[in-house]
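The values are calculated or read from the model by the stated rules, or taken from the named source; none is laboratory data. Here the structure is a predicted model, which is why all the values come from computation and not from measurement. FYI the Cβ positions are ideal-geometry reconstructions off the backbone, even for glycines, and counts take in every protein chain you see. Ligands, DNA and RNA are stripped out before the accessible areas are found, and what is left, the full protein with its side chains, is counted by its heavy atoms. Shrake-Rupley method; radii C 1.70, N 1.55, O 1.52, S 1.80 Å.
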Amino acid sequence: MNTHSPDAFDVVEALPDVQSLSVALVGYGEVGRILGAGLAAAGVREVVAFDVLASDAAWRKAAAARALHDGVRLADTSEEATSRADLVICAVTAASTAIAAEQIALHCAKGAFVLDVNSASPATKSRCAGMIGNAQGRYVEAAVMTSVPPHGIRAPMLVGGPHAPVLLPYLQRLGFDATLGSTAFGVVSATKLCRSVVIKGMEALVVESLLAARRYGVEREVLASLADTFPGLDWERQATYFWRRVVAHGRRRAEEMREAASMVEDAGIVPHMARATADVQSAIATLRANRVFDDVAGEDWRDLVDAVHATTRETTRR
């Protein structure tokens, strides 16, 4: 984990008033769209968003409608979004974290803050900090400690790095539920990914367990036993939540868990669970990409499991 001395410009006023603040979003997926809406509602001067999918006509049409509704302007290039921003928020997938930082470093203004909310390893975050620092930007890593929906901009967040204490009050003024985690790079990312080994691992365990339980017809007994062992959880509801989150975001979760595996390995530990979790998340993402879940109409986890089993039976018959 690296530490860097804050530059001299940290002792002066770091950002303009909220009403004069220009914010760029790099990544306009689920998280970027939620944060964009929250920032626009906070009354900043402008929110400009860029996504690598901007050249895709279908994506652009849907994103433009959402952006117009939320008061966000879509940019055609990363440079257009970031070159005049006081604050750049990077919200891409884990695997794209370093690539996005490299692009931001090419165009960000001197002294601009770059808030990286991606779920990447401490080593990746430290590398990104170096790129932004070399461009005379001020990199702040962030660890979002729960799912952004339904909390929105108020999702609890730890911020870290030597520039984090300067940015923190501005984030709080904008409506973020942000807390200082460390002034060293990598600490808050390690906190997030160690948590993810458990949370995403639980998702993977439930996915695998209920796939088998449904095939053997013992799901009722399995869930009843879990409820007896862990009475504080509504296991029916939790199972549906886990399944739906994995189906919706399996690819992103798999990338996050590969970053978690790298973090665990960097600590000198064999990342058995993180790797296995990434494999399960990736497998469900592949099924979604193959349109296995397109015709699922129900809201219960059983509907999703049955879609998987139907595909498996069809493949076996062939």
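Taking springs between alpha-carbon atoms closer than 10 angstrom, which of Ser96, Ser209, Ser121 fluctuates most in the Gaussian network model of the chain?
So, out of Ser96, Ser209, Ser121, the one fluctuating most is Ser209.
Given Cβ point charges of +1 (Lys, Arg) and -1 (Asp, Glu) and nothing else, what value in debye, to the nearest 20, does the dipole of the chain about its Cα centre take?
440 debye
For segment 58-75, take each phi angle, set θ = phi - 60°, evaluate the Karplus expression 6.51 cos²θ - 1.76 cosθ + 1.60, and give the result in whole Hz per residue in order, putting x for glycine and proline.
Values, residue by residue: 5, 4, 4, 4, 5, 5, 5, 5, 5, 4, 4, 4, 8, x, 10, 9, 7, 9 Hz.
Let me check something: with ligands and nucleic acids excluded, how do His163, His107, His69 order by accessible area (1.4 Å probe), largest to smallest?
Output order, biggest surface exposure first: His69, His107, His163.
Most fluctuating residue of Lys110, Lys125, Lys61 in a GNM of the chain with Cα springs under 10 Å: which is it?
Greatest mean-square fluctuation among the candidates belongs to Lys61.
Taking the alpha carbon gyration tensor of segment 77-199, what are the square roots of 5 times its eigenvalues, largest first, to the nearest whole Å?
Output for segment 77-199: semi-axes of 21, 16, 14 Å.
Can you give the accessible area per residue of the chain, in Å², using a 1.4 Å probe?
Accessible surface, normalised per residue, equals 47 Å².
With a 1.4 Å probe and every protein chain kept in, tell me what percent of the accessible surface of segment 1-155 is carbon plus sulfur.
53 percent
With every protein chain left in place, what is the accessible area of Cys194 in Å² (1.4 Å probe, nearest 10)?
80 Å²
Provide the per-residue ³J(HN,Hα) series for segment 18-28, in order, calculated from phi with Karplus coefficients 6.51, -1.76, 1.60 and θ = phi - 60°, each as a whole number of Hz, with x at glycine and proline positions.
The phi angles translate into 3, 5, 9, 7, 9, 10, 10, 10, 9, x, 10 Hz.
Put Ile99, Ile104 in order of accessible area, largest first, 1.4 Å probe: what do you get?
Sorted descending by solvent-accessible area, the residues read Ile99, Ile104.
Among DSSP beta bridges whose residues both lie in the chain, state the antiparallel percentage, nearest 5.
Beta bridges within the chain, antiparallel portion: roughly 15 percent.
Provide the net charge surrounding Ala75, with neighbours chosen by a C-beta distance below 12 Å and charges set as Lys +1, Arg +1, Asp -1, Glu -1.
Result for the local shell: -2.
Of the options Met263, Thr240, Gly250, report the single residue whose Cα projects farthest towards the positive end of the charge dipole of segment 199-318 (beta-carbon charges: Lys, Arg +1; Asp, Glu -1).
Result: Gly250, furthest along the dipole toward the positive end.
Give the long-range amide H neighbours of Ala49: residues separated by 5 or more places, or on another chain, with amide H under 5 Å away, using H modelled in the peptide plane at 1.01 Å from N.
Counting only residues 5 or more places away or on other chains, the set is Leu25, Arg73, Leu74, Ala75.
Report the FRET efficiency, 1/(1 + (r/R0)^6), for Arg313 and Arg275, where r is their Cβ-Cβ distance and R0 is 22 Å, rounded to 0.05.
Here the calculated transfer efficiency is 0.15.
Can you list the HN-Hα couplings for segment 112-117, worked out from phi with the Karplus curve (6.51, -1.76, 1.60; θ = phi - 60°), rounded to whole Hz and with x for Gly and Pro?
5, 7, 10, 9, 9, 9
If the elastic network links every pair of Cα atoms under 10 Å, which of Val246, Val206, Val187 fluctuates the most in the Gaussian network model of the chain?
Top of the fluctuation ranking is Val206.
Quick check: net charge around Ala285, other residues with Cβ under 9 Å of its Cβ, Lys/Arg +1 and Asp/Glu -1?
After counting each charged neighbour, the total is +4.
Using the Cα centre as the reference, give the magnitude of the dipole from point charges on the C-beta atoms of segment 185-231 (Lys, Arg: +1; Asp, Glu: -1; all else neutral), rounded to the nearest 20 debye.
200 debye
Within the accessible area of segment 181-279, what % is carbon and sulfur when the probe is 1.4 Å and the other protein chains stay in place?
Solvent-exposed carbon and sulfur of segment 181-279 make up 57 percent of the total.
Among all the lysines, which ones have a C-alpha under 26 Å from Lys192's C-alpha, if same-chain residues fewer than 8 places away are not counted?
Partners within reach: Lys125, Lys200.
Taking the simple approach of a point 7 Å from Cα along Cα-to-Cβ for both Asp306 and Val52, what is their distance in nm?
Simple spin-label model gives 3.8 nm for this pair.
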